[in-house]
Structure formats: C-alpha cells, structure tokens
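Q: One structure follows; several queries about it will come next.
The values are calculated or read from the model by the stated rules, or taken from the named source; none is laboratory data. What you see is a predicted model, and the numbers here were worked out from it, not measured in a lab. We place every Cβ from the backbone using ideal geometry, glycine too, and count neighbours over all the protein chains shown.
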C-alpha cells in the first residue's frame with residue numbers, strides 16, 4: 001500500500017490537540033500579539049516571500065502539537081512517496097507527478113522502470129519551438145496571415161489553470177490575444193466566435209481522451225464555423241491538440257505533428273505545468289512559462305526539504321486543520337490584493353474542493369470528522385465593499401489568506417500605497433477589532449453623543465478573527481509559480497492528515513452519467 005492509513009482522530013497528537021483546544025479556544029489574538037517577538041516567531045521567510053501567521057488563534061504549543069500530528073500520520077513518508085512517483089493515487093492506480101514537470105534536476109524519476117524526465121524535456125522543447133513560431137509570426141494561417149488570437153478549448157483542469165495563469169500574467173503578455181472556451185452553454189462559444197477571424201485564429205483543443213463532452217462539442221461547433229470560410233485541408237494550420245487519443249485527433253483533421261502529450265501520472269487540476277499550459281506559453285512566451293515552472297520547483301524543494309514548523313505549505317495546512325476540525329470553521333477565504341489574481345479563487349475552488357471533498361477515508365470507511373474546506377474569495381479592495389461585512393461582524397469564523405505584493409507592476413505608487421494600506425488594515429481590523437470603549441470615544445468626539453447608546457452595539461467589532469499574510473516582492477511568472485505550488489502542497493498535506501485520497505474525483509461522474517442517460521432517452 002503506497003500511503004499509510006492512519007485515522008487522525010485516533011492519534012495521540014489529536015487527543016492532545018483536543019485537550020489543548022479546550023483550554024486554548026478562547027485565545028485572543030490581540031492579547032497574543034502583545035508579545036514583541038510574536039511576529040518573528042510566527043513568520044517564515046523564503047526568498048521573495050514572507051508568510052506571517054502571527055494573527056492566528058495559536059500558541060507555540062498549538063503549532064508543536066499540530067506538527068506532532070503531521071509526524072504521527074507520517075507526512076514525511078507521504079511526501080517522499082509522491083516525489084518518487086509511487087502510485088499514491090490508489091483508487092485510480094496512478095502516480096502523482098506534477099512536481100516532475102517542473103523538476104530541473106538530472107535525477108531520474110522512474111515509472112515502470114523508465115525515466116520520465118527525457119519525455120518531459122522533449123515536450124518542453126516542442127512547446128518552446130511551437131510557441132516561438134506562432135509568436136514570431138512564422139506560423140501562418142491558411143491565407144498566409146500571422147496568427148493574432150489563441151483559443152483554448154477545454155474544461156476543468158484543462159481550462160481553469162491556464163485561464164487563471166494567463167489572466168494573472170496579463171502584464172507579461174505578447175501581441176497574441178488568448179480566449180478560453182469551456183462551458184457547454186452554446187452562448188459561451190458563440191460570444192467568443194463573434195470576436196474572431198478564422199484566418200488569424202489558432203485553436204488549442206485540450207482533452208486527454210478527446211471525448212470530453214463539453215470540449216468536443218465546443219471543438220466541433222468551432223470547426224463547423226471555421227469550415228464556412230476554409231476547407232478541411234486548412235485545419236492543420238489552425239487546430240492543435242493536447243491529448244493522448246491520437247486516432248480521434250487524426251479523425252478531427254489535426255496533424256499528428258501538432259499533438260502535444262498528456263500523461264496518466266498528472267491529474268487534470270495539476271496539469272497547467274504540462275503541455276496543458278501551451279496557451280500560457282503562447283500568451284506570455286516560453287521564457288515566462290519556464291519561469292513559472294522554476295518558481296513552482298523552488299516551492300517543491302522547500303516543501304520536500306524544510307522542517308514542518310518552518311514549511312510554508314505544511315504550516316498553512318495545519319492551521320486549516322486547526323480551524324476546520326477543532327473550531328469547526330467550514331470555509332476559508334482567499335483574498336488577493338491584485339486585480340490580476342481575480343481568477344485565483346475560482347482556480348483554487350477546483351484544486352481544493354475537488355481534491356479534498358471526500359467523505360470516505362483511505363480504508364474505504366466513512367469519515368466521522370470534517371474534511372475539505374469550502375474556499376471562496378475575491379480581490380481587494382473590491383471585496384471590502386462586498387462580503388467582508390460578514391467576515392468582520394458575522395456569526396461565522398472564516399480564516400482568510402491575504403495575498404499581497406510589495407511592488408506594483410505599472411508603478412502607480414499612490415494607488416499602490418492605498419491598496420497596501422487597505423491590505424494591512426483589513427488584517428489588523430479582523431485580528432484586533434474595536435472595543436466598546438473605542439466606539440464610545442469615537443461617537444463622543446464625532447458629535448454623536450446623543451446616539452451613543454443606540455449605535456454602540458452596532459459599531460463594536462469583536463476582532464479575534466484569524467488571517468495569514470502571504471506577501472511577495474512582486475507579481476512575476478516565477479512568484480506566481482511559487483504561489484500555485486504552495487497551495488498544491490497545502491492540498492496534499494491536508495489530504496494526508498485527513499486520511500483521504502486527494503487525487504481522484506469520482507464525485508463528478510454521477511452527474512455526467514445521468515446527463516448522458518437523459519440525452520439518450
């Protein structure tokens with residue numbers, strides 16, 4: 001058996017955490033932060049990244065006990081098995097090797113006795129060569145014109161990852177305009193087609209099996225639209241595929257030379273690092289795509305080698321377990337203070353909720369504890385004028401990750417100062433709140449003395465609401481790679497701790513089956 005099956009609630013560490021929680025549940029962040037060393041003691045620096053988790057309802061003892069839990073379920077062993085390529089996706093009989101896609105070391109990774117590194121390098125060379133041809137204008141459409149638009153046709157992992165990265169790296173984009181078609185809703189594809197010229201558009205169809213209902217329906221609709229002005233002999237100049245089903249791709253009319261590989265050992269929602277990221281490479285250039293991989297690899301090595309108490313993905317996962325399983329907080333907010341990252345919460349919803357939305361443990365037994373946090377969010381400062389009211393003064397405990405950048409890309413310093421003032425203020429407001437005394441004074445000095453008793457309860461903020469500061473120097477392809485990789489490893493860590501399989505997604509099957517039956521009835 002690849003992974004150990006340890007019910008976390010039966011461990012000594014869990015029992016200690018339960019006892020500790022009974023004493024610690026009334027911990028107050030404001031009181032904890034009076035310790036002058038707290039920020040330093042509860043921060044991790046990693047090159048251009050600072051993670052400050054001092055504004056949490058934890059003490060050193062809490063963290064030590066959570067690390068003890070990670071050790072007791074043998075997280076170290078699970079990490080090693082993942083990186084070595086053991087079949088830890090047991091229910092589907094697969095390895096989980098998205099980390100191999102960004103590994104620059106010469107160390108072989110063997111699957112069935114064969115090193116997969118050369119395959120990965122070959123695919124990267126193909127992505128680079130193809131991207132360069134299209135970006136430079138050497139690749140011509142059927143009327144001899146350069147390509148101006150790229151359309152990625154995929155769904156789920158074949159859409160959300162590339163779409164999010166292309167959006168996040170808009171600052172680095174080249175002359176090409178990239179579009180994404182995913183939903184089977186015909187209005188979606190119709191709206192995209194409206195903006196396109198068949199003579200100058202390249203379509204990238206991303207589907208491992210080349211049978212995904214949404215993707216193939218959209219691809220056929222686009223092909224029929226394309227053939228209104230071109231012929232079937234023009235298809236190879238305008239359609240490429242990322243797939244394993246060479247026969248179906250060939251039948252569609254795509255040249256075999258323009259098929260990019262997908263591998264069984266990479267799950268869809270972790271596949272943007274592979275040829276699934278072709279639209280990223282086309283949009284921002286191969287060098288930036290490579291920098292994205294390099295950033296992810298830096299986080300991989302940190303995760304693999306760092307002690308758990310100084311290991312960013314592990315610490316964030318342990319904090320999540322603390323709130324989910326002890327405080328019974330059901331949701332987490334991800335709040336990027338960069339408009340570029342507006343699609344990150346959507347991407348993380350799939351990555352986290354499809355991975356860890358499981359109610360059966362690795363023994364095949366129903367779990368009797370909480371798994372799979374619900375993740376949601378939006379960008380600052382937009383969300384401050386939207387749902388943050390509930391986070392500040394609502395009845396639910398919602399831990400939040402605040403993602404920020406010290407430097408803006410366009411250098412509008414006045415804007416950035418205001419943005420970052422809000423970034424810091426929100427975390428302070430959540431943690432420290434506003435007391436009755438402070439509200440009383442404020443109302444008194446604002447000339448509202450007559451209304452003090454009436455308004456007082458509405459203006460009090462309890463505070464004591466936890467948050468993590470995730471602060472990078474600057475939004476670059478490399479730092480984005482690091483950020484995505486951070487969350488991938490957090491997901492993995494949580495799955496190990498909850499004793500569930502994070503890499504299958506049988507939960508999406510039933511609806512598909514029923515839809516097919518309804519279509520055929």
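Q: When the residues of region 125-140 are filtered to those that are assigned to a helix (DSSP H, G or I) and without any contact (Cβ under 8 Å) to a residue 24 or more places away in the chain, which remaining residue is surrounded by the most Cβ atoms within 10 Å (Cβ to Cβ)? Explain how you work it out, then say what you get.
A: Within region 125-140, the first condition is being assigned to a helix (DSSP H, G or I), and the residues that meet it are 125-136.
If we keep only those that are without any contact (Cβ under 8 Å) to a residue 24 or more places away in the chain as well, we get 125, 129, 133, 136.
Details: 125: 11, 129: 10, 133: 13, 136: 10.
Top of the filtered list is 133.
Q: I've got another one for you. Of these, 3, 66, which one is in the same structural domain as residue 424 (by TED's automatic domain parsing), touching a residue at least 60 places away in the same chain (Cβ under 8 Å) and under 21 Å from residue 499 (Cα atoms)?
A: Values: 3 fails: in the same structural domain as residue 424 (by TED's automatic domain parsing).
Being in the same structural domain as residue 424 (by TED's automatic domain parsing), touching a residue at least 60 places away in the same chain (Cβ under 8 Å) and under 21 Å from residue 499 (Cα atoms) holds for just one of 3, 66, which is 66.
Q: Next up: Give 143, 177, 148 a once-over and let me know the one that is surrounded by 12 or more Cβ atoms within 10 Å (Cβ to Cβ) and out of contact with any helix residue (DSSP H, G or I) (no Cβ under 7 Å at 6 or more places or on another chain).
A: On the way: 143 fails: out of contact with any helix residue (DSSP H, G or I) (no Cβ under 7 Å at 6 or more places or on another chain); 148 fails: out of contact with any helix residue (DSSP H, G or I) (no Cβ under 7 Å at 6 or more places or on another chain).
That would be 177, the only listed residue that is surrounded by 12 or more Cβ atoms within 10 Å (Cβ to Cβ) and out of contact with any helix residue (DSSP H, G or I) (no Cβ under 7 Å at 6 or more places or on another chain).
Q: Which numbered condition trips up residue 186, out of (1) under 28 Å from residue 85 (Cβ atoms); (2) surrounded by fewer than 18 Cβ atoms within 10 Å (Cβ to Cβ); (3) more than 26 Å from the chain's Cα centre (by Cα)?
A: (1)
Q: State yes or no: is residue 506 in contact (Cβ under 8 Å) with a residue 24 or more places away in the chain, more than 30 Å from residue 309 (Cβ to Cβ) and touching a strand residue (DSSP E or B) at 6+ places or on another chain (Cβ under 6 Å)?
A: Working: in contact (Cβ under 8 Å) with a residue 24 or more places away in the chain: yes; more than 30 Å from residue 309 (Cβ to Cβ): yes; touching a strand residue (DSSP E or B) at 6+ places or on another chain (Cβ under 6 Å): no.
It is false that residue 506 is in contact (Cβ under 8 Å) with a residue 24 or more places away in the chain, more than 30 Å from residue 309 (Cβ to Cβ) and touching a strand residue (DSSP E or B) at 6+ places or on another chain (Cβ under 6 Å).
Residue-wise test of (1) modelled with pLDDT under 95; (2) touching a strand residue (DSSP E or B) at 6+ places or on another chain (Cβ under 9 Å); (3) part of a helix (DSSP H, G or I).
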position: 34; (1), (2), (3): no, no, no
position: 40; (1), (2), (3): no, no, yes
position: 45; (1), (2), (3): no, yes, no
position: 56; (1), (2), (3): no, yes, no
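This table checks each residue for (1) surrounded by 15 or more Cβ atoms within 10 Å (Cβ to Cβ); (2) part of a helix (DSSP H, G or I).
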position: 390; (1), (2): no, yes
position: 401; (1), (2): yes, no
position: 427; (1), (2): yes, yes
position: 454; (1), (2): no, yes
position: 463; (1), (2): yes, no
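Q: Kindly list the number of the only condition in (1) surrounded by 16 or more Cβ atoms within 10 Å (Cβ to Cβ); (2) outside the structural domain of residue 478 (by TED's automatic domain parsing); (3) under 30 Å from residue 95 (Cβ atoms) that fails for residue 73.
A: Failing condition for residue 73: (2).
Q: In region 275-316, what residues are surrounded by 24 or more Cβ atoms within 10 Å (Cβ to Cβ) and not in a helix (DSSP H, G or I)?
A: The one that is surrounded by 24 or more Cβ atoms within 10 Å (Cβ to Cβ) and not in a helix (DSSP H, G or I): 311.
Q: Let me ask something else about it. Would you confirm whether any residue within region 317-336 is modelled with pLDDT of 95 or more, closer than 30 Å to residue 132 by Cα and in contact with a strand residue (DSSP E or B) (Cβ under 8 Å, 6 or more places away or on another chain)?
A: Going through region 317-336, the residues modelled with pLDDT of 95 or more turn out to be 317-336.
Next cut, closer than 30 Å to residue 132 by Cα only: none.
No, because not a single residue in region 317-336 is modelled with pLDDT of 95 or more, closer than 30 Å to residue 132 by Cα and in contact with a strand residue (DSSP E or B) (Cβ under 8 Å, 6 or more places away or on another chain).
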